[in-house]
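K.L.:
Can you read through this structure? Questions will come right after.
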Amino acid sequence: MKEKRKINLRVDLQCGTCGALTHTEETPPKFCSCCGASYARYCLNCTKKAAMFFEEYWPTEDDCVRTYTPAKRCPSCNAGLEVESRDDVKKDSHYEH
Ligand SMILES: [Zn+2]
Ligand SMILES: [Zn+2]
């Protein structure tokens, strides 16, 4: 076993609706700060929540960049999740315009 290294983890969330990247350091936000779309996706077919998936990228040995994107397909029934009802996008989030 190696000694525990300090790893700089950087987490980015990519909005599945507008594609904006949101950098987060602590608790990930639930909604895109750019368009207000929810990061969580629910399958309309089996009504299960589809977890986000992430890709890791290591610029250096000690730096990890993790980019989360909303699932494009339901992990349970494989239904496509790309088509979302626009009515679900709440405009009354904490976004100042
Ligand atoms: Zn967005
Ligand atoms: Zn499903």
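Each value in this text was obtained by applying a stated rule to the coordinates, not by laboratory testing. What you see is a predicted model; the values in this text were computed from it and never measured. Here the Cβ is made from the backbone with ideal geometry for all residues, glycine too, and neighbour counts use every protein chain on show.
K.L.:
Could you pull out every residue, at least 5 positions away or on a different chain, whose amide H is within less than 5 Å of the one on PHE53? Hs are placed 1.01 Å off N in the peptide plane, and Pro or chain starts have none.
P.N.:
THR69, ALA71
K.L.:
Then there's this: Between LYS4 and SER76, 0.36 nm times their residue separation minus their Cα-Cα distance comes to what? If you can, show how the numbers build up before the last one.
P.N.:
On the way: separation 72, 0.36 × 72 = 25.92 nm, distance 3.60 nm.
Gain on stretching LYS4 to SER76: 22.3 nm.
K.L.:
Among THR24, THR47, what is the fewest-to-most ranking by other Cβ atoms within 10 Å?
P.N.:
On the way: THR24 15, THR47 9.
Listing THR24, THR47 from fewest to most nearby Cβ atoms yields THR47, THR24.
K.L.:
Right, next: Please report the Cα spread of the range 8-83 along all three principal axes, rounded to whole Å, starting with the longest.
P.N.:
Taking max minus min along each principal axis of the Cα atoms, the range 8-83 gives 41, 25, 19 Å.
K.L.:
In addition: Short version: ³J(HN,Hα) in whole Hz for each residue of the range 29-43, in order, from phi by Karplus 6.51 cos²θ - 1.76 cosθ + 1.60 (θ = phi - 60°), x for Gly and Pro, what are they?
P.N.:
Per residue, the Karplus-derived 3J(HN,Hα) values read x, 8, 10, 5, 6, 8, 10, x, 6, 6, 6, 7, 10, 10, 6 Hz.
K.L.:
A further question on this structure: Distance from a point 7 Å along Cα→Cβ of GLU55 to each backbone N in the range 65-81: keep the residues under 14 Å and list them by number.
P.N.:
Only 65-72 pass the distance filter.
K.L.:
Pull up all non-local amide H partners of ALA20: gap of 5 or more, or a different chain, and H-to-H distance under 5 Å with H placed in the peptide plane.
P.N.:
Placed amide hydrogens put CYS15 under 5 Å from ALA20.
K.L.:
Now for a different question. Which whole-Hz ³J(HN,Hα) couplings does the range 70-79 yield from phi under the Karplus relation 6.51 cos²θ - 1.76 cosθ + 1.60, θ = phi - 60°, glycine and proline marked x?
P.N.:
Whole-Hz 3J(HN,Hα) from phi for the range 70-79: x, 4, 8, 9, 5, x, 8, 10, 6, 5.
K.L.:
Can you run phi through the Karplus equation (6.51, -1.76, 1.60; θ = phi - 60°) for the range 9-24 and list ³J(HN,Hα) in whole Hz, with x for Gly and Pro?
P.N.:
9, 10, 10, 10, 10, 9, 6, x, 9, 10, x, 5, 9, 10, 8, 10
K.L.:
How high is the relative contact order of the range 8-83, given as a whole-number percent (alpha carbon pairs under 8 Å, six or more residues apart)? Can you show the working numbers first?
P.N.:
Numbers: 142 pairs, mean separation 23.3, N = 76.
About 31 percent, as a whole number.
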